[in-house]
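Okay, structure first, notes after.
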Amino acid sequence: MVVGHDGQSDISDRSFPPEHQRKKSHFSIATNKKANGENGSEASGAKHHGAQHTIKEMKVTRKWKPRSRLGQFLGRNGETSLNHDILDVTIKNKNEEKHRCSLSSVISELSDDGIKQQETIEYEDFPEESEEIIENRGTEQNRRNSQGSQLSIWSKTFEANKKDEMKKKWLQYLRESIFQNKVRKRRHMNKVDKLFKWIKSIQRLDPRYQILRYFDEVARKGGALENPLAAQAATFDLMRGFMKASAFTVWRPTSREAICKMMKGEVTGKGLDVKGKSAKKGILSSMVPYLQIHNNDHKKKVLRPPKCARVRVYFKSIEARSFSEKELTANLKEMTEAYTHAREILSGKKSHVEGEREKAMENYVNEVDDPHIYHLDDSGIGLDIPERVFFETYITRQDLRRSPDFTTGRPSIPEFQDMNCATTRKYSGSGPRAVVLQTSTDSSAGLCPQGLIIAYEDGGSVVPVASDFDCFTVGTRGVAYDSPMAKEQVELMKWLVQKIKKILKHPASDQSWTSQWLKVMTESYNEGFSPVVPQYGFGDPKSYEIMEGAANRFRYYDKNGAVRHGAECFNYVFPQELDEWFLVISDTLPGNVPWVYVGVEELKNMLLEKIDDDFCFPINPKWILADSGWKKLWDKMLASTCENTVISMETWYPKESGIRELIEDVHSECPNGYAAAERDKSSGTYKQSGRSAMILAQERLRRHVIMRRVKLKIRVALMFGKLGGAVLRAKDAEEKKKVLERQFQGQFRKSKVNDMLSKTADTSYGYPMMPVAYFLVWLVSMLFLAQIMFSDDRNI
């Protein structure tokens, strides 16, 4: 078979869809036939002769490869041609005889992507034609004759069927294009969309976002939390507009670095038991250093730990623990020997030279109840150490000056060091336990006091603590606080208003509010005032339940401890000064933002707008009377006609208790509030925030209680010593009676028991009453000691 012209085989472009046709080419197909022993031959200008056949089927097989990967990509979009290597044409006649010709280097513009494709086309029977078709190359007439040959008939037949084939072809192409577009969108997603989705995923870890979700759930449930730990799905924005119940919260903000570390799970929020200040900068930034002093002269100003106290210390490696344990054990042995020697000298069992007695008095404080060091392996690599040994090893014998890496941006305050020591010393038996964590990984740096931080041991792990979110107040809409407050709390609120009145009548222009309130608390404690503060603060039952649920939610579910205690609006024992900035979290803020940082004036304006929107929130009496601008909020909320607001205000400030009238009377007498300069004399120009000043004042009050207790012990001991010595030196019974009378009058002057003791020692009762006098003195002394020694310092 000889096909084509110029040594090439051609086929009409009409066999392809019209949009892919190239320029026309002329061709013909000739079949060689052996008949009667004669060989068919190809010659230029030969005529048609021989038997006639009917062409029944034409089968076309195309194989091709794209020229390049770029060409493959562009070819899918119909922008360039593809190089087809082979094209086979098979012709089948009526007698089932097949004839095949090969065509090469055929170029066609197709949108397919280099896939092997085969087309089979069935044709109707055609009129009989001559068996052999021979093309005469090189003449225009032969080319015109070829166009009228059988192949032209095939082309016409193909035109009749190409529409159906094109439909199938383009449907398949459309399906492939849709799939490829989906894959392409997934692979080449817009970077902005990716960034937005990433930010949304990170936002769910933000404690501020988690606070928003929790209090929205509270509002939707009407403040009734059946399961505080249950995570509810977020409400759609469209549905939120139709819901009346809503909430907003105001917080004393923590640092952004602390928030970032909470999101990464590196730290957890601290509770009210941790009162040390967090570092502002350095490698310990946002965490609470155990060492709150960096001046070596302040070592003597820190209270020495009691002999029964113990502390837990955790390390990063076993090597660091072993190195520290070796030094602690050596110091423990040395301190134990010094105490034993001092006890023998002071008891008179051992002779001593002049000057050793004073040294023995100093070493006597090295006594510890349990002189052993234990390993801790349940929650980490730790040691259980007597606190006196720990204090001697890490503070007394070390240089406390900070290097640039361990700078904290905080002043050296011994009171805060005492608070850290008390934090790690006490454990209530429930909740997370405050421990000490050594952040230095080098074993030789295990004794570095600057690397110690406060951490929580909870749930089999030890996590450093950072500043938490201090709730200022909680506002709700559509929630009624209908459970009445306890009468004791209402009376405590009235006591608060009366003490505020006392301060406002005699203000000190050169002292802060915290300093003034510290004096009030000191006087009240000396009078026997010591209220017990619940774990999550005061408040009505529903408010207490909300804050308890928040603390449990952030401890067990969100696991970052962002909320640990109750709101400041119910702080009736030690109200704080206002900070400069507050964090407001709500889904009803302008601009559709979830939270915003505002100043005091902006906060008050925002709260006024919330009252217009039927929100209600509790207000601390201290804000109303001592801080300017809050009385306007109080009056507007009392005048509100919203049903839920009226019910809630009656719960928080009952009319029958007289608290509302008392607030109005104090404000009418002192309308200007307390406008004192905010400065802390103890630290120069360093200005304490409201919470920091309150914590510092509480520590000073605790020190006052401790010193008062120590003085009473010494006083009672001296009284018994003088009394016993004077009685023994008396020569007769009459003189002993006079001695007792003088001692009673001197030691219990201005006391309620003075008259009773004087009558007991009166001579009219006779000598047999002397043992009764001794017993009464002992009994009264024990009662005083019990009141002081067993008082709970946490309630101060």
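General remarks:
- Scaled to the globular estimate 2.2 N^0.38 Å, the Cα spread of region 272-466, given as radius of gyration, is 1.06.
- Site pair THR340 and THR441 shows an inter-label distance of 4.2 nm when each label is modelled 7 Å from Cα along Cα→Cβ.
- For region 381-432, trypsin sites (Lys or Arg not before Pro) meeting the loop criterion (DSSP other than H, G, I, E, B) and having at most 14 other Cβ atoms within 10 Å: ARG397, ARG401, LYS426.
- Length added when fully stretched, VAL532-ASN592, from 0.36 nm per residue minus Cα-Cα: 17.4 nm
- Distance from the alpha carbon centroid of region 478-550 to that of region 445-467 works out to 33 angstrom.
- Residue exposure proxy: LYS277, LYS487, ordered by other Cβ atoms within 10 angstrom of their Cβ from fewest to most, comes out as LYS487, LYS277.
- Isotropic mean projected area of the C-alpha convex hull, region 510-589 (nm²): 8.0
- The dipole here belongs to region 356-449: it is taken about the Cα centre, uses +1 on the Cβ of Lys and Arg and -1 on the Cβ of Asp and Glu, and is about 360 debye.
- Spin-label model, ILE199/LYS281: points 7 Å from Cα along the beta carbon direction are separated by 3.0 nm.
- For the pair ARG175 and GLU656, label points projected 7 Å from Cα toward Cβ lie 8.0 nm apart.
- Over all projection directions, the Cα-based convex hull of region 514-671 averages an area of 11.4 nm².
- Here TRP581, TRP198 are placed in order of increasing Cβ neighbour count within 10 Å, fewest first, which gives TRP198, TRP581.
- Taking the number of Cβ atoms within 10 Å of each Cβ as an exposure proxy, the fewest-first ranking of VAL593, VAL646, VAL436 is VAL593, VAL646, VAL436.
Every number in this text was worked out from the coordinates using simple rules, so none of it is lab data. Here the structure is a predicted model, which means the values were calculated and not measured. We place every Cβ from the backbone using ideal geometry, glycine too, and count neighbours over all the protein chains shown.
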